[in-house]
Each structure stands twice: as C-alpha cells, then as structure tokens.
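Contents: one structure, followed by commentary.
The values are calculated or read from the model by the stated rules, or taken from the named source; none is laboratory data. No experiment lies behind these values; they were computed from the predicted model shown. Please note: Cβ atoms are built from the backbone with ideal geometry, for glycine as well, and neighbour counts cover all protein chains shown.
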C-alpha cells in the first residue's frame, strides 16, 4: 500500500514537472468572432475577448456614411515616440498578401465605419484564407480607416516574394492612444 502511494505521488510530481517545462504558447488574447459581415469577395469579421461587451453594438454605424472619416485629433499628451510607426516584419504567422490587400481595400472603402471599443481585431476571409489587422488595448472612437496606414505599412514592407506577409507596427497613434498594430494570420499582436 505504501509503495502504491509513493508511485502515485511520483507520477503526479513527474507530470507537474513535465507540464512546467512546456513553454507557454503565444500571448493569445482569447479573442472570438463576435460579428461578421458578408461582402462582395469575402467576409469581414470583428473579434473581441469579451463578447458580452459588444452585445449592444450598432454594427451598421458608419457603413452608410459617404463622407470620409476625419483624422483623429492631435494628441500632444502622448510620448514623443507615439506616431513613429516603426515596422517590424515576421516570418511567423504569415497571411496571404492578396487577402491582406483585400482587407486594406475594405478598410479604406468603409473608413467611416466605427469599431466597437471592445473589438481588438478585424479579419478578412476569402477562399478559406484569412488576414487579420489587430491592435493592443481598448481604443475608443476607432474608425476602420484609422487602421489603414499601419496595416498598409506592414503589407508594403513585409511581403515576401509577393505572396506572404506578416509583421507589426509599434508606436501607432490610434485616436489619442498609442498602441501596436499587427497584420498576420491571427487575431492578436
């Protein structure tokens, strides 16, 4: 009986040590698809970590507006690096460049469409392939067009062989907040 208890204890201890040795995965935010809009050529998805935070969102806000969005207000209180838009390319989590280009077209053509503050990523899916533009933190007053410059910088700088792209832009000013914006095949930075 004593031998059985020792064996069970050693098995449990070994399992704990093995589990502790497994490196942590990427910093996943747990974002889930909270809304989608089927459009010509693909589907635009909105991703959030807290689906309850977007239950009362007017998903059509800004979609019928024909006037271009204005630029976000000047933000003199942010640090001097904010707005420097430093691009860093990655060979991990690459998305097809043609899908990301289609996402950029959707962003600019619907630039006045508002993005709920709890949303942290937008995706474009076509031909069972997806490209995400994601950002860190809650951004109040965000419009889709505000994401265009950072996403285009990654696509233009980081596309490999004309077919794959992934990367992030640091110190992006999004509507009075400084954050990172990513373009890849996943819904987080």
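Structure above, values below:
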| item | result |
| --- | --- |
| Every residue from the stretch 36-54 that is surrounded by 14 or more Cβ atoms within 10 Å (Cβ to Cβ), touching a residue at least 40 places away in the same chain (Cβ under 8 Å) and touching a strand residue (DSSP E or B) at 6+ places or on another chain (Cβ under 7 Å) | 42, 43, 44, 45, 46, 47, 48, 49, 54 |
| Where residue 138 falls short, out of the listed (1) at pLDDT 90 or above; (2) more than 18 Å from residue 116 (Cα to Cα); (3) out of contact with any strand residue (DSSP E or B) (no Cβ under 6 Å at 6 or more places or on another chain) | (2) |
| Meets criteria (under 27 Å from residue 55 (Cα atoms) and without any contact (Cβ under 8 Å) to a residue 12 or more places away in the chain) for residue 180 | no |
| Within the stretch 169-189, tally of residues that are under 13 Å from the mean Cα position of the chain (by Cα) and in a loop (DSSP other than H, G, I, E, B) | 5 |
| Matching residues in the stretch 133-163 - criterion: being more than 15 Å from the chain's Cα centre (by Cα) and either surrounded by fewer than 18 Cβ atoms within 10 Å (Cβ to Cβ) or within 20 Å of residue 54 (Cα to Cα) (or both) | 140, 141, 156, 157, 160, 161, 162, 163 |
| Looking only at the stretch 80-99, and only at residues there that are over 18 Å from residue 135 (Cα atoms) and not in a helix (DSSP H, G or I), the one that is modelled with the lowest pLDDT | 80 |
| The stretch 149-168 - residue that is part of a strand (DSSP E or B) and more than 23 Å from residue 33 (Cα to Cα) and, of those, modelled with the highest pLDDT | 164 |
| Number of the exception - residue 113 against (1) modelled with pLDDT under 95; (2) crowded, with 24+ Cβ neighbours inside 10 Å | (2) |
| Test: residue in the stretch 118-128 that is modelled with pLDDT under 95, surrounded by 19 or more Cβ atoms within 10 Å (Cβ to Cβ) and more than 15 Å from residue 187 (Cα to Cα) | no |
